[in-house]
Amino acid sequence: MTIANDWRTKSANQTRLAFGQALLELAASHDDVVALSSDTQDLLGIREYIEHYPDRFIEAGIAEQDTIGISSGLATVGLRPYVCGYAPFVTARAIEQVRNDVAYANQKVVIGAAASGISLGVSGGTHHAIEDLATTCSFQHMTVIVPADVNEAYKATIASYDIDGPVYIRLGGRTPEPPITDPDAPFTLGKATQLRAGNDVTVIAIGCMVELAVKASQALESEGIGARVINMSTVKPLDREAVLRAASETKGIVVAEEHHLTGGLGSTIAALLAEEQPTRMQFVCMPDEFAMVGPTVPLRVHYGLSADAVAAACRKLLGTK
């Protein structure tokens, strides 16, 4: 079985669904691929997978601890488990299992974590995942990927099969994520991609903030400001070379992420630069508080996760405002 090119249509500009489409392709190519769900068959769009591969599917129900534990057991006997879960539950409720059963044991388990950040804003704090990078990036052996759009989500999921160790793929919710990356470009683990050129300031962004960073760069261009945009789709391992090069070639770095500053991409980059090349920085991220309830896009604007906010951070860093 080979999946036709209609996977993009079926993904509907949502990275969570692109993960499910890639999983279908992986199962067609590899007999050892097994999918596990924590009552997330629709969240990650895997009903088509279940239809084709019912004997390679496990529904564990709303029991993330069990799902992660089972996945570790399957990996132990040589299978390649792909966990379909909610980011806030996989990285909070099941954090002990992720740490001990998967990361500590260095198991080849891929966790597709949908509804990250505040993409399920209307569901409230229990369904927000704005600390998940802090936990997953802190675990040894763990690879952490944050796709910017469906193109990257699909390719990163396919590439995850060849990663020798646990993988956390941070996916969005039900809010569309417009395509922003080159659909024909290969996904290279640990390598950032430059989406916009510029020598005045660099914006390093992940996930939903990549599109907003590009819009900010376009707006700043009309003001005579060249804002380089880097998509850091692999948060761990970090592309150190891309960060250090941006620090050398521009006047400073703005980091944009839908996550707390503590333990996120911003603090990771700041730690690198503090040691290797002190650089002026600004951060566009979630404040140190639990997010309120509300529709996703207005909620992001409320917390300053917008193209205007990214542009403002660039101006502030350059001292033009």
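The values are calculated or read from the model by the stated rules, or taken from the named source; none is laboratory data. All figures in this text were calculated on a predicted structure; none of them were measured in a lab. All Cβ positions, even for glycine, are placed from backbone atoms using ideal geometry, and neighbour counts span all protein chains on display. When the accessible area is computed, the model is the full protein with side chains, heavy atoms only, and any ligands, DNA or RNA have been set aside. Shrake-Rupley method; radii C 1.70, N 1.55, O 1.52, S 1.80 Å.
Miscellaneous remarks
- Odd one out for THR143, checked against (1) among the β-branched types (Val, Ile, Thr); (2) in contact with a Lys or Arg (Cβ under 7 Å, 6 or more places away or on another chain); (3) open to solvent by less than 10 Å² (accessible area, probe 1.4 Å): (3)
- Among (1) over 24 Å from ALA92 (Cα atoms); (2) in contact (Cβ under 8 Å) with a residue 60 or more places away in the chain; (3) among the basic types (Lys, Arg), the one test that ARG47 misses: (2)
- Reported count of residues in segment 194-211, each being buried (at least 24 other Cβ atoms within 10 Å of the Cβ), among the hydrophobic types (A, V, I, L, M, F, W, C) and more than 13 Å from the chain's Cα centre (by Cα), is 3.
- Residue within segment 225-240 that is open to solvent by 60 Å² or more (accessible area, probe 1.4 Å), touching a residue at least 60 places away in the same chain (Cβ under 8 Å) and among the β-branched types (Val, Ile, Thr) present: no
- Residues (among the basic types (Lys, Arg) and without any contact (Cβ under 8 Å) to a residue 60 or more places away in the chain) located in segment 241-255: ARG245
- Conditions (1) surrounded by 19 or more Cβ atoms within 10 Å (Cβ to Cβ); (2) under 24 Å from GLY224 (Cα atoms); number of the one not met by SER248: (1)
- Search result, residues across segment 305-321 that are assigned to a loop (DSSP other than H, G, I, E, B) and over 19 Å from the mean Cα position of the chain (by Cα): GLY319, THR320, LYS321
- Whenever a residue of segment 285-310 is touching a residue at least 60 places away in the same chain (Cβ under 8 Å), its partners that are assigned to a loop (DSSP other than H, G, I, E, B) and open to solvent by 20 Å² or more (accessible area, probe 1.4 Å), lying with C-beta atoms within less than 6 angstrom and at least six residues away or across chains, give the pairs MET286/TYR303; THR296/THR175.
- Hits in segment 147-171 - residues which are out of contact with any strand residue (DSSP E or B) (no Cβ under 6 Å at 6 or more places or on another chain), open to solvent by 10 Å² or more (accessible area, probe 1.4 Å) and either part of a helix (DSSP H, G or I) or not charged (D, E, K, R) (or both): GLU152, TYR154, LYS155, ILE158, ALA159, TYR161
- Within segment 270-285, if we keep just the residues that are in a helix (DSSP H, G or I) and within 15 Å of GLU249 (Cβ to Cβ), the residue that is most open to solvent (accessible area, probe 1.4 Å) turns out to be GLU276.
- The single residue among THR202, THR175 that is touching a residue at least 12 places away in the same chain (Cβ under 8 Å), outside any helix (DSSP H, G or I) and under 15 Å from ARG16 (Cα atoms) turns out to be THR175.
- Top-ranked residue of segment 98-138 - restricted to ones that are under 16 Å from the mean Cα position of the chain (by Cα), over 18 Å from LEU44 (Cβ atoms) and hydrophobic (A, V, I, L, M, F, W, C), ranked as surrounded by the most Cβ atoms within 10 Å (Cβ to Cβ): LEU133
- GLY85 crowded, with 24+ Cβ neighbours inside 10 Å and either modelled with pLDDT of 95 or more or in contact with a helix residue (DSSP H, G or I) (Cβ under 9 Å, 6 or more places away or on another chain) (or both): yes
- Condition met for ALA153 (closer than 28 Å to ALA103 by Cβ, of a type outside the set (Val, Ile, Thr) and touching a residue at least 24 places away in the same chain (Cβ under 8 Å)): yes
- Selection within segment 46-62 - surrounded by 16 or more Cβ atoms within 10 Å (Cβ to Cβ) and within 23 Å of the chain's Cα centre (by Cα): ILE46, TYR49
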